[in-house]
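Data first, discussion second: the structure below is written as structure tokens.
The values are calculated or read from the model by the stated rules, or taken from the named source; none is laboratory data. Note that this is a predicted model, so its numbers are computed, not measured. Cβ: placed from backbone, ideal geometry, glycine included. Neighbour counts: every protein chain shown.
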Amino acid sequence: MVMTIQDFQEKAIDAIMVMNTALTSLRLYPPTSVMISQTIARLLQAFTEILAKDTPLILAESERMLLFGKVPAWPKNQERPHIRTFVDLLINQGIKSVTFESGLEKEELAAFLQAFSRRPDEVRAEGGMQEILTHQNVLHIWIDAKIYLAKNISDQTTANPVIKDEIVRLLMEATDPDAAKLQQIRENAKDPEWINRVFQTWMTSFKEQQDMIKKMDLSENLVQMVRMLEKIAEPADLERIALLVSRSVTDMDNEVISLLLSRDMQDIFGGQLFANIIEELDNKRFAAVVDGLAGIASTPGEQSLTAARSLEELMKTDNGLKLESERKARAAREKEEKKKRLTWLRERFQGLLRGEEPAFIDQELMTELTGVFREFYALDDAQIADALIERLTEKLRSRRPDVSSNTAVCLSQILNDFLDNGRENQAGHIAERLAGWLRSETVFSLACERICLQFKDLERALLQRNPFVEVNPIPDTLSLIQSGRSPKDQAMQALAGEALRELATEELLNVLFEEFLTNNRGKQKEAARNLGRLGAAPMERLLDILLDSEDSAERVLVLQVISEIGAPSIPAITARMAHDEPWYVLRNLVYTLGRVGGEAQSADLAPLLLHENQKVQQEALKSLQRIGGKTRAETLLSALPGADDQFKMSIIEMLGTIKASEAVPTLMELLRSKAVSASSKADLDEKICTALGSIGAEEALPALTEIASARGFTIGRSYPEKVKLAAGKAAAAITRRKQ
């Protein structure tokens, strides 16, 4: 059984989403990975189900729109992020269409995906996408294949809806009086039933396509079709055809009728068609068509002129004159009623507008406010609405807890109302103010919970519209709360974390990572910023890129994103550190942990102070210094016995830098020890003396003074000049602190 158009598009769009996931995964994982294999299997199943019902499946691009064969995807689907991503991929590869045929096998699909995921310059260097597929014996996927349409005029009266434009083209070709096509068409047109069949068949396909093709194009095609019928029909049949067409037209929606009348059609059938259409409209539809024509007439372009002429003709009719009179009377009444209502509303909420705090704890007044905002915007008085929002925002900072809490709840209700009624701009304005309040709150409350949930709903709508939005206080606020960079209780952090997890859908992550890795749209910076706002959700993919990337600039960008994520990234980082990663990956992980971690991460860094790679050791040392906390000295001292002579010096220097007083006994013991080779002993002693001076260890002052005076504090020991000099400086520094 053939699928409906709706079922077909839904299944095809689902398949495209899986394909995008596969392409993204191919950039992150080796082709042999289980994840890649499973994704390709899912995609093959999706294509097989479609091709079993309708073959071939043609995915094409035209004017940055996705087409199925020659039929555009529905407008609501064109705006979906993964559809835009797929269209961008086609454009970047210079591909107009991809055709999938029944019999498609998994190996063919895998070969296609690997080729499609390559850089365009690589594909061109190998002769193009089709050449690559042919070389790999891919027999059921074709690039830029021709789409052939029926050419027989008789067949076209029963062909499927895709070829309706071909009918118009063939009729328009019949302009040569001696052409065989014209003679055939005129001969057939002598039969009124033949014309009826042609027109009705075309009208059926026309109506089926209304949701898939721009109505502007449909109206143009209809005018072309009618003009062709006028040319080929017998004069005696023109009046009957005009009536047939007008009745079919008035069965359409008002927008199509307005678009049709906005075209140059007043002379068709001697003006009879135009008059018939107007006559068939009842008062309500007449008014709607008038409004549609007025809208078209107000837009720039040649069509606005013909729309204005048609509108003028409509308003000269009896219905037009009556409509104009009624609208003038209604406008006068509404103006007076609006004036009275606004006066009353201003008086009712005068206390709020003046910022009087008792008004902000008046429950009845605050409850009314939500509906009143809707009314202010309906009455085109946004100035008062904005003034009220300013006052409410000011009271979020009130010293009275009941006023600030009441105000937050009220703004939350207004925000919810705006979201429900599609007022995203106004909702964004309020959300920005509430974000500032939420950032300052440190204790969980029902108001905080409600606002977090609303932020999630608003942000989801914003990201669906534009995944690369740059100025956006909502994820900034949620990320700040979750990250622990500001003092919040755990309930608030958990609430913000849950909101971010729900926002970070697979579809959104695919879109952001695709741009992050390719910069196809010039939005790499924005994609990176938004990935850094989504909490821990992007972490595994980011760490995979860090492991596999050979591009140092890309690795730096990944590290920046992880630093933006902050504390929520720690579990993923420490889990990877426990694996047997290459030293350069481990060094990057340690560096990042030093940026986002805290005192608790000292235990994760401790083993790496004794790592076999010196660069990893040094990075662990720097990160330990950076994270701070009281456990650093203990961690450094625990690593000191196992460190080689060179790294011992680095640890000792760090102990001095962090002024680790608990390290003084160990440092004094090392200073007495002879266990170190003579070549390293002088350097080590110099570092120890300097560290003791930095720490300000008074108990070391006698020993340092003896070393500096050349007598030595251990019988039989002498010290090189640089050690004496370091001891003298350290003793002087300690003495200065005592004074």
* Any hit, the stretch 694-701, residues being closer than 22 Å to Ala633 by Cβ, in a loop (DSSP other than H, G, I, E, B) and at pLDDT 90 or above -> yes
* Structure fact -> Only unsatisfied item for Ala603, checking (1) surrounded by 20 or more Cβ atoms within 10 Å (Cβ to Cβ); (2) farther than 25 Å from Asp548 by Cα; (3) of a type in the set (A, V, I, L, M, F, W, C), is (1)
* Go through the residues of the stretch 353-361 one by one and say whether even a single one is exposed (fewer than 15 other Cβ atoms within 10 Å of the Cβ), without any contact (Cβ under 8 Å) to a residue 12 or more places away in the chain and touching a Gly at 6+ places or on another chain (Cβ under 9 Å). => yes
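Considering Glu514, Glu540, which residue is more than 18 Å from Glu470 (Cβ to Cβ), touching a helix residue (DSSP H, G or I) at 6+ places or on another chain (Cβ under 7 Å) and at pLDDT 90 or above?
From the options Glu514, Glu540, the qualifying one is Glu540.
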* To do: Taking Arg309 as the residue in question, decide whether it is modelled with pLDDT of 85 or more and not assigned by TED's automatic domain parsing to the domain that holds Ala287.
  => no
* Checking Ser398 against (1) polar (S, T, N, Q); (2) over 25 Å from Glu449 (Cα atoms); (3) touching a Phe, Trp or Tyr at 6+ places or on another chain (Cβ under 8 Å), the condition it does not meet -> (2)
* Asked: Say we look at the stretch 92-117 and pick out the residues that are more than 29 Å from the chain's Cα centre (by Cα) and assigned to a loop (DSSP other than H, G, I, E, B); which of these is surrounded by the fewest Cβ atoms within 10 Å (Cβ to Cβ)?
  -> Gly103
* Exclusive hit being closer than 14 Å to Thr657 by Cβ and either touching a helix residue (DSSP H, G or I) at 6+ places or on another chain (Cβ under 8 Å) or among the aliphatic types (A, V, I, L, M) (or both), set Leu608, Leu640, Leu593, Leu624 -> Leu624
* Asked: Which fully enclosed helices (runs of 4 or more DSSP H) of the stretch 610-686 have 2 or more residues being under 25 Å from Thr592 (Cα atoms) and in contact (Cβ under 8 Å) with a residue 24 or more places away in the chain?
  -> 614-627, 632-639, 645-657
* Structure fact -> Counting only residues in the stretch 94-112 that are modelled with pLDDT of 85 or more and out of contact with any strand residue (DSSP E or B) (no Cβ under 9 Å at 6 or more places or on another chain), the one farthest from Phe513 (Cα to Cα) is identified as Glu105
* Asked: Which one of these does Arg285 not meet: (1) buried (at least 16 other Cβ atoms within 10 Å of the Cβ); (2) in contact (Cβ under 8 Å) with a residue 24 or more places away in the chain; (3) within 23 Å of Val226 (Cβ to Cβ)?
  -> (1)
* **From Glu441, Glu390, Glu356, residue being under 27 Å from Ser483 (Cβ atoms) and among the acidic types (Asp, Glu)** => Glu441
* **Failed item in (1) in a helix (DSSP H, G or I); (2) more than 25 Å from Gln426 (Cα to Cα), with Glu550 passing the rest** => (1)
* Identify, from the list Leu640, Leu670, the residue that is over 54 Å from the mean Cα position of the chain (by Cα) and aliphatic (A, V, I, L, M). => Leu670
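Let's see how each residue does on (1) surrounded by fewer than 19 Cβ atoms within 10 Å (Cβ to Cβ); (2) within 48 Å of the chain's Cα centre (by Cα); (3) assigned to a helix (DSSP H, G or I):
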residue	(1), (2), (3)
Val226	no, yes, yes
Ile241	no, no, yes
Ser246	no, yes, yes
Ile257	no, yes, yes
Leu260	no, yes, yes
Gln266	yes, yes, no
Gly270	yes, no, yes
Leu273	no, no, yes
Ile277	no, yes, yes
* To do: Could you give me the residue pairs with C-beta distances under 8 Å whose first residue belongs to the stretch 435-457 and is over 14 Å from Pro401 (Cα atoms), whose second residue is surrounded by fewer than 17 Cβ atoms within 10 Å (Cβ to Cβ) and polar (S, T, N, Q) wherever it lies, and which are 6+ apart or on separate chains?
  => Arg439/Ser486
* To do: Tell me which residues, restricted to the stretch 241-289, are within 24 Å of Lys322 (Cβ to Cβ) and polar (S, T, N, Q).
  => Ser246, Thr250, Asn254, Ser258, Ser262, Gln266, Gln272, Asn276, Asn283
* Looking at the stretch 66-73, is at least one residue farther than 21 Å from Arg541 by Cα, in contact with a strand residue (DSSP E or B) (Cβ under 6 Å, 6 or more places away or on another chain) and among the hydrophobic types (A, V, I, L, M, F, W, C)? -> yes
